[in-house]
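Worksheet for the structure shown next.
The values are calculated or read from the model by the stated rules, or taken from the named source; none is laboratory data. Model, not experiment: these values are computed from the prediction. Using ideal geometry, Cβ is built from the backbone for each residue, glycine included, and neighbour counts are taken over all protein chains shown. Remember, those area values only see protein heavy atoms, side chains included, never the ligands or the DNA or RNA. Shrake-Rupley method; radii C 1.70, N 1.55, O 1.52, S 1.80 Å.
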Amino acid sequence: MTFSNLVDAFRPADSAPPKSLGAFCVWALSGAWRVIGITALLSMAVGITEVIAFFVIGWLIDFILVQNPDTLFAENWVPLTAVALFFVVLRPFLMWLNAAMQNLAVLNNIFPLILSRLHRYTLGQSARFFDDDFAGRIAQKQQQTARSLSDVVSEMLQAGGFASAAVIGAAIGVTTISWTLGLTLTLWTIVLITVVRWFMPRIRRRSKDRAASRAQVTGQIVDTITNIRTVKLFAHGEFEDEVATDTLRSYREIGLKFSTLTVAFRISIMTLAGLLPVLLIGGVLILWSRGLATPGDIAAAAMVSTRLAQMSGWVSFTALGVFANIGEVEDGVRTLTKAHEVTDRDTALDLPSTQQPIGFHDVTFTYGGDGRALTQFNLTIQPGQKIGIVGRSGSGKSTAVSLLMRLYDVEKGRILFGDTDIRDITQSSLRRKISMVTQEAAMFNRSAMDNIRYGRPNATDAEVIDAAKRAEADDFIRDLKDYRGRNGYDAFLGERGVKLSGGQRQRIALARAILKDAPVLVLDEATSALDSEVEAAIQASLADLMQGKTVLAIAHRLSTLAEMDRIVVLDQGHIIESGTHDQLIAENGLYANLWARQSGGFIRPDLAAE
C-alpha cells in the first residue's frame, strides 16, 4: 500500500456532523486519526532529532579538543562514523518519512475527505435551507471549512509536534549542562505559552467574524453575477457596485481589527524570541568563565537558543494561522451543521407501487409561518387519473406539488400513497417514481446529452436522442456550439442553461422527463415558455408521455388542461371548484371567468352566447 492510500479520502461519515468544534473535528477526520497520530509521532521524532544534532556537535567539539590530531581518524573512526551516519542516514530518513506521511498520506487526503462529507450532508438539506441563503455563500462555507481544518491539521503536524518535541528535548539537553539553564528555558517557555494563550482566543473570535463577513461578500457578489441580466436590464450597475462596496467596507473594518491584534501578537513573540539567546548564551558563558562549562556546551547552547528563537517566530506564525483557521471552521460549523429538516424515518421503506391513490388529507403548510400557502387542503388522485390544478398566483398550486415531492414536510395533516404516509417512504424511492417538469427548468453547466440523461443516468445515447426528438429539442440541440468548440449534444449549456432560451430549456426538461418515464408525472407550468407552434408540436408527445400515468398538471394557460380528467381550482390554499372543463364552465365560477379572459377577452361566459 502506498502512502497516498493510507487514508480513504472519500469514506462517508457515520452520522450527522456535531455542532461543537471538538466533536466536529472528530467527525470530519474520522477514519484518518490513526494516520494523523503516526505522523504526529514522526514529527516529534524529527524535532527531537534536530535538538540531538546540536548536542552531538557540542560533544564532537569537546571530543576533538582532547584528541591527537595525527591519530584522530585512525583511532576514532567508530564514533566519527556513527556521527556521520546520524547526519547522513538516520536524520534524512526520519525527515523523508515524516514528509511522505504529511504530504502524501495526510494532506493529500483530508481536504477531499472533509469536503466530500460536508457536501454530502448539505445535499440532504431541505429546499428551505437553500431558500434562506446564498448559493455562493453555502459553497464557500464548504470549501472554507474543509480548507481551514485541513490547514489546522497540516500546521499542527508540521509545527506543533516538531516544536513541542524540540523544546522538551532542548530543556533536557541544557539541563545536562546546568540546571539553572534548564530552569531558564522552562520559565521562558511558560511565558511564551502564556502570551499565546492570551492572544489566541481573541484572534479566533475575530477570525470567525472575518470569515462570516468574507462569506457575505462572496454571497453578495455571486448573487449579483448570477442575476447579471436583471442588473443590466434595470441599469443597476452602480447600485450593485454600491451594495458590494458597502459589504466590502464592512469586511475591511472587521479585517483591520483582526490585523491589529495579529501585529501586537507578532511583536510580543519577536521580543521573547530575541530574549532567549541572550539568556542561554549569556548563562553558559558565565558558567564557562567559572570552569563549569566546556566550549562544546557553549556551541550547543548557542545553536539551541538561536534555533528555538527562530522556531518561536515560526511557531507563533503557525499558531496565528491555526487559531485563525479554527475561527473559520467554527463559522462554517455554525452554517453547515444545521439539522436536516426533511429526513427519512428509521423505519422508512421504498415506495412499493404507484398504482394506488395519492391523497392530501387536511394538509396545512405555511413556510414556517411566513404565510399560509395551504390550509386544510384535501385532494385525492386515483391511479392513472390526470388532474389539472389552476388558480391565481400564490394560491398554493406549486406548494402542493413541492409537498408531494417532499421538498418540504407538511406542518399539519398527511399526504398518502394508498395507506402509507409519504414520511414513511424513503425520499429517494418516492422521487424516483415521480417525474417533475417546472416552469424554471433547471440546467447544469454540462453537455446537452448529460442534462437530458440526468433523467435516467444509464440511458444510451440513442435513448437520449429519441427523448430529445419527442420533446422537439433535437433540431436546436444539433445547432449548439460552446466556447470550446463542442457541438450538438456535446456542447455545454452554460451556468443554469444561460445560453438557451426559456422555451429551449423547457424542452430539454421535458426530454429529461420523457427519458425518466416515471409512473407519476408532475407538470408545473411545463409549457409556459413555449410558443404556440412548438407547444402544438409537442402535444402529441405530451399525450403519449401522460398515457397510463398519474398526472398533476399546473398551468395558467387553461387550454393545456381542457382534456384533463378533472380540474381543481385553488384560491388562498383551498379547493373552491372541482370538475371537468365543461362542468366548471357551466358553473360560471372562477375557472369560467379565467377561461373567458383567455379565450375571449373580458367577456363573461354567460354573455358570450348573446
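Of all the residues in the range 286-313, those that are of a type outside the set (S, T, N, Q) and either surrounded by fewer than 15 Cβ atoms within 10 Å (Cβ to Cβ) or touching an Asp or Glu at 6+ places or on another chain (Cβ under 6 Å) (or both) number 6. For the range 447-460, filtered to residues that are within 21 Å of residue 544 (Cβ to Cβ) and assigned to a helix (DSSP H, G or I), the residue that is most open to solvent (accessible area, probe 1.4 Å) is 453. Going through 606, 524 one at a time, which residue ends up being in contact with a strand residue (DSSP E or B) (Cβ under 7 Å, 6 or more places away or on another chain), of a type in the set (Asp, Glu) and modelled with pLDDT under 90? None of the other options fit; the residue is 524.
Residue by residue, here is whether (1) under 16 Å from residue 167 (Cα atoms); (2) modelled with pLDDT of 75 or more; (3) surrounded by fewer than 20 Cβ atoms within 10 Å (Cβ to Cβ); (4) under 36 Å from the mean Cα position of the chain (by Cα) holds:
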position: 26; (1), (2), (3), (4): no, yes, yes, yes
position: 29; (1), (2), (3), (4): no, yes, no, yes
position: 32; (1), (2), (3), (4): no, yes, no, yes
position: 37; (1), (2), (3), (4): no, yes, yes, yes
position: 53; (1), (2), (3), (4): yes, yes, yes, no
position: 56; (1), (2), (3), (4): no, yes, yes, no
position: 60; (1), (2), (3), (4): no, yes, yes, no
position: 63; (1), (2), (3), (4): no, yes, yes, no
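Take the residues in the range 23-66 that are without any contact (Cβ under 8 Å) to a residue 60 or more places away in the chain and either among the hydroxyl-bearing types (Ser, Thr, Tyr) or not in a helix (DSSP H, G or I) (or both); name whichever of them is farthest from residue 149 (Cα to Cα). Ranking the candidates gives 66 first. Only one of 399, 343 is out of contact with any Pro (no Cβ under 7 Å at 6 or more places or on another chain) and either crowded, with 18+ Cβ neighbours inside 10 Å or outside any loop (DSSP other than H, G, I, E, B) (or both). Can you tell me which? Of 399, 343, the one residue that is out of contact with any Pro (no Cβ under 7 Å at 6 or more places or on another chain) and either crowded, with 18+ Cβ neighbours inside 10 Å or outside any loop (DSSP other than H, G, I, E, B) (or both) is 399. Among the residues examined, residue 198 qualifies as open to solvent by 70 Å² or more (accessible area, probe 1.4 Å), of a type in the set (Phe, Trp, Tyr) and modelled with pLDDT of 80 or more. Of the residues making up the range 461-493, those that are free of Cβ contacts under 8 Å to residues at least 24 places away in the same chain, open to solvent by less than 70 Å² (accessible area, probe 1.4 Å) and in a loop (DSSP other than H, G, I, E, B) number 2. Within the range 529-572, if we keep just the residues that are more than 12 Å from residue 387 (Cα to Cα), assigned to a loop (DSSP other than H, G, I, E, B) and touching a Ser or Thr at 6+ places or on another chain (Cβ under 8 Å), the residue that is modelled with the highest pLDDT turns out to be 572.
Evaluating residue 103 against the criteria (1) open to solvent by 60 Å² or more (accessible area, probe 1.4 Å); (2) of a type in the set (S, T, N, Q); (3) touching a residue at least 60 places away in the same chain (Cβ under 8 Å) leaves one unmet condition, (3). For residue 237, the conditions (1) farther than 30 Å from residue 288 by Cβ; (2) buried (at least 19 other Cβ atoms within 10 Å of the Cβ); (3) of a type outside the set (A, V, I, L, M) are fulfilled apart from (2).
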